[in-house]
Structures are given as structure tokens and as C-alpha cells.
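S.K.: The structure's right below; bear with me while I get my questions together.
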Amino acid sequence: MRLRRPKIAPSAVVWLVLAALYFLVPLVATFLFSIRSIQTNKCCSFAAYTAVIHNGDFWHTLRVSFVLALEVIVISLILFVPTVYWVHLKVPRLRPVIGFLALIPFVVPPIVMVVGLLKVYKGAPEWFYNKPSGILAAAYVILAFPYMFFSLDAGFRSIDVHTLTEASQSLGASWPRTLVRVILPNIRAAALAGSFLALAIVMGEFTIANLAQFHTFPIFIQYIGETDPYQASAVTLVSFGITWLAMSSLLFIGRKRGGPTQVVGAH
Amino acid sequence: MPYLELQGLHRNFGPVKALNGIEVQLGQGEFLSLLGPSGCGKTTALRLVAGFDRPDAGRIVVDGKDVTSVAPSKRDMGMVFQAYSLFPNMTAAQNVEFGLKIRRRGREDRRKRVHDLLELVGLGHAVDRYPHQLSGGMQQRVALARALAIEPRVLLLDEPLSALDAKVRVQLREEIRRIQLELGITTLYVTHDQEEALAISDHVAVMYGGVIEQMGTPAEMYTAPSTPFVAEFIGTMNRLEATIRDGASGQVDFAGTTLQVDAARGRRAGERVLILVRPEALELEASTNGASSEQNMLSGEVIAQTFLGPVTRLKVSGGLIADMSTGRAAALPVGARVNARVPAEGAKLLSLPDDGPASPALDPDNP
């Protein structure tokens with residue numbers, strides 16, 4: 001039985017258009033600005049884009065940030081999926097405590113956090129302290145924590161963790177198998193949502209990377225912005241497109257396997 | 001030799017004694033229902049057998065082996081849950097296949113077994129459907145097939161029908177029994193529905209307050225309850241608290257009326273007893289001139305009628321309940337004065353402690 005698509009109310013269309021304009025106008029303005037010629041300040045030249053694409057730093061910093069994002073996503077999922085699962089299953093009274101902890105990254109300003117982190121890890125090994133994949137990834141995992149936690153928490157709340165776990169165990173499945181084959185596929189939507197947010201954070205975070213003196217993509221954007229406004233607009237748009245592309249591919253990978261992504265409530 | 005044994009199981013949750021010494025012996029291929037009201041410990045007992053929880057004391061023995069400390073994944077117990085427990089990301093067939101994959105069965109072997117089991121539960125046509133595309137009854141059928149797929153040593157069912165509507169419930173419980181008999185699988189069934197338990201079990205154990213009050217065949221439980229609680233919980237029962245007047249002749253005193261009850265013979269005079277009479281054994285007749293002088297008659301007034309189909313249940317003032325054919329009940333409308341005859345031979349008698357309540361109070365409408 002398929003429900004008929006409900007008619008969209010005219011007022012809804014108005015709001016939708018307003019919301020779309022809110023997001024699209026800056027993008028269009030940026031685009032129009034980016035195609036002005038650097039010599040004449042008039043339309044239309046794609047010189048800024050050509051310059052950006054031929055800039056080695058653009059690709060280098062983009063790669064650094066992207067690899068960093070993947071690393072943060074992987075570490076966050078490995079850390080938080082089993083943790084949130086365990087909390088839901090065994091110690092549900094800890095949920096509000098973790099929820100509170102997850103708010104701390106919002107409360108502590110990044111500038112305070114990075115100073116603290118750099119001080120604490122001063123004696124840490126070179127590979128950790130001086131590489132973006134070390135201390136920066138660790139800092140970003142902290143920043144991504146609230147997004148990951150609240151996404152996963154919502155996902156776990158939408159399924160009957162206890163019954164699914166016990167059903168799986170009574171059929172002979174071990175803990176890791178239960179987690180990977182039964183639980184994970186059913187919280188995939190939540191894990192994906194958390195991953196998108198983590199990706200967005202890493203691709204846009206400036207303060208920590210700057211103070212810790214790493215050359216990530218946002219640092220590059222900021223540098224270009226100071227030196228060439230047209231290129232800066234072009235970079236912004238290109239990075240915007242790349243981030244969307246990355247999110248779409250994550251979505252594609254996440255949804256590739258069969259079955260409904262969203263759990264439909266028991267009826 | 002018993003196949004499944006629960007020996008002295010104790011389980012406390014803080015100050016609450018959820019299980020207080022449970023003893024069960026069940027032969028291979030037998031069907032035992034644990035029956036009782038909410039909080040009686042029946043689900044706790046089942047979870048201990050499944051291995052999801054550990055007893056504070058006592059042992060669980062299956063086929064001569066102590067499995068008390070064995071992990072649930074190593075126990076080979078098939079379980080069907082109260083809540084819909086199918087894996088939402090897998091089709092019906094994949095759900096049934098799950099346990100077989102873990103046991104590393106060959107592909108062809110798995111395919112055949114999945115097919116056979118889904119046929120067995122009547123879902124051969126729905127192999128590729130996801131749980132959200134199945135009705136509640138169908139989901140529980142798949143869950144049953146999934147539990148049976150691993151050829152469990154014991155099948156555990158935790159109120160599997162409680163979320164289903166009445167018609168599906170009756171249909172599915174009969175199928176559970178048919179399949180259980182067909183496969184000869186030892187089964188432990190938890191329910192709070194006494195009708196369900198009586199209908200499909202070899203044995204019924206009525207639990208209350210963490211102990212088994214009585215265990216026996218459904219017929220024994222119905223006809224010969226051994227405690228006031230069981231008497232009230234299984235079916236509906238009139239409970240007349242009385243005192244023995246004369247043990248030799250079998251006379252008892254009930255609310256100022258002397259009743260002749262054969263089962264009272266040999267009791268000590270002055271002993272407090274509970275006379276149990278099934279509603280269908282209580283005969284009602286219209287009273288024309290107040291209290292009857294006939295023996296074993298209690299007088300009262302009809303205060304409610306409940307239509308149950310072929311019979312109608314009448315509530316009579318003084319806490320009596322009588323079932324009579326719907327045709328005859330029409331002559332005794334609400335407000336009619338009636339006399340109720342307590343049968344001298346059919347009534348059961350249970351001793352009451354000299355002080356304290358007879359048994360936990362139950363709502364007679366909803367035992």
C-alpha cells in the first residue's frame with residue numbers, strides 16, 4: 001500500500017524558497033565574485049579557478065584535511081560505537097553523564113583547548129606531537145565527540161538494543177559478531193550522520209590547526225583569502241563542492257548494502 | 001532422567017527476591033509453562049535458563065550437564081522474545097539463516113533448512129521480506145523459525161504472543177504446540193495468560209512471589225489447586241472463608257450459615273478453611289421468599305451480568321460468581337433475589353493459616 005504524496009501547501013513553498021535563498025544567495029554572490037577578472041575587475045574570467053587548481057598547496061592541504069577527516073571518523077566510530085552500545089545495554093544510567101561530557105567541547109573554547117593540549121602533550125613522541133595525524137586528529141576527535149555521541153545515541157534509542165543483542169547471542173553470536181552484524185547495520189543512518197558532521201568539522205576547523213601550526217585546508221583558505229580575494233572565493237566554492245562530493249560518497253558507501261537504512265518501529 | 005533441571009534457583013535484585021528457590025524437572029520433549037502474574041519471577045527464571053542472567057544460588061542442568069555458568073551464546077537455547085526481535089536489516093530468510101551461519105553450515109544445507117523451517121511456520125511465501133514488511137504474527141513466526149533453526153536443546157518462549165491480537169494469538173499458540181510436538185523439542189514457555197498455559201502445556205507451574213506455588217498437568221491445576229493463590233489464578237473461583245463446625249459430619253460455618261461440605265470431613269473443629277467452588281458448580285435459582293431454609297443455600301442479589309457467549313457470568317452480592325447458560329440467566333436480571341446452592345461434594349477445601357490473609361488479594365475479574 002503506497003500513500004499518496006500529500007499536496008504541498010503554498011505557505012510551505014514560500015518558506016522553502018526563502019530558506020533556499022538564504023543558502024543560495026551567498027553562494028551565488030561568491031561565485032559571481034570569483035569569476036571576475038583580476039586585471040579588469042569585470043566579468044568573466046576563470047583565471048582564479050585555474051590558479052587554484054594549479055596551486056600545489058591547494059591539493060596538498062586538501063589531502064591532509066581529507067585524510068585527517070577520515071582518520072577522525074574511523075577513530076570516533078571505533079571509540080564511540082562500542083561505548084554507546086555498552087552504555088545503552090549495561091549502564092543506561094551513565095547516559096546523562098556522557099551527554100554532559102559531550103557538551104564540554106562546546107563550552108571550552110578551541111583556543112583554550114589547543115593551548116591545554118599542546119602543554120599536556122609537550123613530551124609526547126615526535127610522530128604524535130608534530131604530525132596532523134597525531135595531536136590534531138586527537139583534538140578533532142574531541143571536537144567531533146558531541147556530534148558523534150548525540151547521533152549515535154539517537155540511533156541506539158531507535159532500536160531495541162537489549163532484545164536484538166539477546167536474540168543474537170541466543171543464536172550463538174559472540175559480542176563482536178553481534179556488534180558488527182546485528183547492531184551496526186541498524187544504526188548505520190546514525191553513524192553516517194555523525195560521520196558527516198565530523199567531516200564537516202575537520203574540513204572547516206581553523207583555530208586549533210592554526211595555533212598548533214599545521215597546514216590544513218582551512219589554513220590554506222585563510223592564506224589565500226589574505227592574498228587574493230578572487231582566488232579565495234574560488235577556493236571556497238571548490239572546497240564546498242568537494243565536501244559535498246565526499247558526503248555523497250559516504251552516503252553511497254553507507255547505503256550500498258541491502259536493507260532499509262532507517263529502522264521502522266515495531267507495529 | 002530429567003532433561004532440564006532447575007535446582008534451587010535464587011535470584012535477588014537488591015532487596016527484591018525475584019526467585020526464591022525454584023525447582024523444576026522436565027523430561028525430554030515436554031512442554032512446561034511458567035504461569036503467573038507480573039513480577040512473579042517467571043521471566044527471571046527463563047532468562048536464567050537462557051543465560052542472560054546468572055543465579056545467586058542454584059544450578060541449571062541440561063541433559064546431565066551443568067550449564068549455570070555457560071555463556072548464552074554457547075548454550076544452544078532457542079529463544080522467542082516478547083518484543084519483536086527480528087534483525088531489522090535482514091530478510092526473514094536471513095534472520096533464520098543467522099544462527100546457521102554462525103555454526104558454519106554449508107550453503108546448500110542452510111538454504112534447505114531455512115526453506116523447511118519457513119514452510120513449517122507457514123511463511124514459505126515471505127522469505128525475502130524484511131521484518132517491517134511483516135505483520136506482528138508473521139514476525140513471531142519467523143522468530144520461532146529462527147530459534148528452531150539452530151536445533152536448540154531447549155526452546156524458550158517469553159510471552160511470545162502477548163503483543164498479538166486475540167485471534168492470531170489462539171491460532172499461533174496452537175501452531176507452537178503442533179510444531180513442538182512434531183519436533184519433540186523440550187520447551188519452556190512463560191505466560192501470564194492461564195488459558196494459554198492450560199491449552200498447550202504438558203505441565204504448568206504457577207509462580208507467585210518467586211516460588212512455584214504448584215506444578216502439575218493442566219487438568220490437575222484446574223481441578224485440584226493446592227493453594228488459595230493457584231485456585232484463584234487458574235480459572236475463576238469462589239472463595240468462601242469458613243470455619244469447621246463439625247469435622248465428623250463435614251459441617252462448616254460460613255458467614256452465619258451452616259454448609260455441608262464433604263471435603264470438610266475429618267477436619268478439626270474451629271479450623272479456618274477456604275471453600276473453593278468453581279462458578280459453573282454454583283447453582284443459582286430465583287428466590288421468592290427471601291432466605292431459603294434449604295441446606296447449603298446462600299442468598300443474595302444479582303449485581304452484574306457478563307455475557308460470555310454460551311454462558312453468562314453472574315455476580316451475586318456477597319462476592320459470589322456463578323456461570324449459567326445464557327438462556328437461563330435471562331430469568332435472573334440484575335437486582336433479582338437469588339439463592340445459590342453450594343455443592344456438598346464438588347467443593348474443594350484448603351486450610352488457612354490461623355491469622356493473616358488467606359492469599360494475596362486478586363482482582364476476581366482479572367486474575
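S.K.: Give segment B:229-249 a look and list any residue that's of a type outside the set (A, V, I, L, M), crowded, with 20+ Cβ neighbours inside 10 Å and not in a strand (DSSP E or B), or say none.
M.R.: Result: B:Phe229, B:Glu232, B:Phe233.
S.K.: Go through B:Leu181, B:Leu164, B:Leu157, B:Leu188 for me and flag whichever is assigned to a helix (DSSP H, G or I) and not hydroxyl-bearing (Ser, Thr, Tyr).
M.R.: B:Leu181
S.K.: Are there any pairs with C-beta distances below 6 angstrom linking a residue in segment A:163-184 that is within 7 Å of chain B (Cβ to nearest Cβ) to a residue that is aromatic (Phe, Trp, Tyr) and in a helix (DSSP H, G or I), with the two at least 6 apart or on different chains, and if so which?
M.R.: Pairs that qualify, where the first residue is within 7 Å of chain B (Cβ to nearest Cβ) and the partner is aromatic (Phe, Trp, Tyr) and in a helix (DSSP H, G or I), are A:Leu171/B:Phe98.
S.K.: A follow-up question, please. For a quick check of your reading of the model, give me the residue pairs whose first member lies in segment B:79-90 and is more than 7 Å from every other protein chain (Cβ to nearest Cβ), whose second is aliphatic (A, V, I, L, M) and in a loop (DSSP other than H, G, I, E, B), with beta-carbon atoms closer than 8 Å and at least 6 apart or on different chains.
M.R.: Correct list of pairs: B:Gln82/B:Ala163; B:Leu86/B:Leu134.
S.K.: Could you list, in sequence order, all residues of segment B:1-49 that are over 23 Å from B:Pro152 (Cα atoms), touching a Ser or Thr at 6+ places or on another chain (Cβ under 6 Å) and either among the small types (Gly, Ala, Ser) or surrounded by fewer than 20 Cβ atoms within 10 Å (Cβ to Cβ) (or both)?
M.R.: B:Ala18
S.K.: Further question on the same structure: Determine which single condition B:Asn89 fails, assuming it passes every other condition in (1) assigned to a loop (DSSP other than H, G, I, E, B); (2) surrounded by fewer than 21 Cβ atoms within 10 Å (Cβ to Cβ).
M.R.: Failing condition for B:Asn89: (2).
S.K.: Now, a different point. Quick one: how many residues across segment B:92-110 are more than 8 Å from every other protein chain (Cβ to nearest Cβ) and either in contact (Cβ under 8 Å) with a residue 12 or more places away in the chain or under 29 Å from the mean Cα position of the chain (by Cα) (or both)?
M.R.: Count: 7.
Residue-by-condition table, conditions (1) assigned to a helix (DSSP H, G or I); (2) over 23 Å from A:Tyr140 (Cβ atoms):
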position	(1), (2)
A:Trp15	yes, yes
A:Leu27	yes, yes
A:Thr40	no, yes
A:Phe66	yes, no
A:Val72	yes, no
A:Val84	yes, no
A:His88	yes, yes
A:Leu101	yes, no
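S.K.: Which of (1) of a type in the set (S, T, N, Q); (2) facing chain B (nearest Cβ under 9 Å); (3) surrounded by fewer than 22 Cβ atoms within 10 Å (Cβ to Cβ); (4) in contact with a helix residue (DSSP H, G or I) (Cβ under 8 Å, 6 or more places away or on another chain) does A:Thr236 not meet, given it meets every other one?
M.R.: (2)
S.K.: What number of residues within segment B:97-136 are part of a helix (DSSP H, G or I) and buried (at least 19 other Cβ atoms within 10 Å of the Cβ)?
M.R.: 10
S.K.: Moving on to the next point. So which residues in segment B:20-37 are in a strand (DSSP E or B) and within 29 Å of B:Ile179 (Cβ to Cβ)?
M.R.: Within segment B:20-37, B:Ile22, B:Glu23, B:Val24, B:Gln25, B:Leu26, B:Phe31, B:Leu32, B:Ser33, B:Leu34, B:Leu35 qualify.
S.K.: Check A:Arg188 against each of (1) touching a residue at least 40 places away in the same chain (Cβ under 8 Å); (2) over 17 Å from the mean Cα position of the chain (by Cα); (3) within 14 Å of chain B (Cβ to nearest Cβ) and name the one condition it does not meet.
M.R.: (2)
S.K.: If we scan segment B:72-81, do we find a residue that is farther than 22 Å from B:Pro218 by Cα, in a loop (DSSP other than H, G, I, E, B), out of contact with any Ser or Thr (no Cβ under 6 Å at 6 or more places or on another chain) and not β-branched (Val, Ile, Thr)?
M.R.: yes
S.K.: Any residue in segment B:146-168 that is more than 14 Å from chain A (Cβ to nearest Cβ), surrounded by fewer than 20 Cβ atoms within 10 Å (Cβ to Cβ), free of Cβ contacts under 8 Å to residues at least 40 places away in the same chain and within 25 Å of the chain's Cα centre (by Cα)?
M.R.: yes
S.K.: Against the condition over 23 Å from A:Ser239 (Cα atoms) and of a type outside the set (Phe, Trp, Tyr), how does A:Leu143 come out, does it pass?
M.R.: Judged against the criteria, A:Leu143 is not a match.
S.K.: Select from segment B:251-278 the residues that are surrounded by fewer than 20 Cβ atoms within 10 Å (Cβ to Cβ) and of a type in the set (Gly, Ala, Ser) and write down the one among them that is farthest from B:Ser351 (Cα to Cα).
M.R.: Restricting to residues being surrounded by fewer than 20 Cβ atoms within 10 Å (Cβ to Cβ) and of a type in the set (Gly, Ala, Ser), the top hit is B:Gly256.
S.K.: Among the residues in segment B:215-223, are any of a type in the set (S, T, N, Q), assigned by TED's automatic domain parsing to the domain that holds B:Glu301 and more than 15 Å from B:Lys348 (Cβ to Cβ)?
M.R.: No.
S.K.: What's the number of the only condition in (1) within 21 Å of A:Leu77 (Cβ to Cβ); (2) in contact with a strand residue (DSSP E or B) (Cβ under 9 Å, 6 or more places away or on another chain) that A:Ala167 fails to meet?
M.R.: So A:Ala167 meets the others, but not (1).
S.K.: Out of the residues in segment B:54-67 that are assigned to a loop (DSSP other than H, G, I, E, B) and surrounded by fewer than 18 Cβ atoms within 10 Å (Cβ to Cβ), which is nearest to the other protein chains (Cβ to nearest Cβ)?
M.R.: Of everything passing the filter in segment B:54-67, B:Arg54 is nearest to the other protein chains (Cβ to nearest Cβ).
S.K.: When you go through A:Ser76, A:Ser45, A:Ser65 one by one, which is the residue that is surrounded by 14 or more Cβ atoms within 10 Å (Cβ to Cβ), in contact with a strand residue (DSSP E or B) (Cβ under 8 Å, 6 or more places away or on another chain) and of a type outside the set (A, V, I, L, M, F, W, C)?
M.R.: Of A:Ser76, A:Ser45, A:Ser65, the one residue that is surrounded by 14 or more Cβ atoms within 10 Å (Cβ to Cβ), in contact with a strand residue (DSSP E or B) (Cβ under 8 Å, 6 or more places away or on another chain) and of a type outside the set (A, V, I, L, M, F, W, C) is A:Ser45.
S.K.: Any chance segment B:218-228 includes a residue that's buried (at least 22 other Cβ atoms within 10 Å of the Cβ) and modelled with pLDDT under 85?
M.R.: Yes - at least one qualifying residue is present in segment B:218-228.
The values are calculated or read from the model by the stated rules, or taken from the named source; none is laboratory data. On a predicted model such as this, the values are computed, not experimentally measured, just so you know. Please note: Cβ atoms are built from the backbone with ideal geometry, for glycine as well, and neighbour counts cover all protein chains shown.
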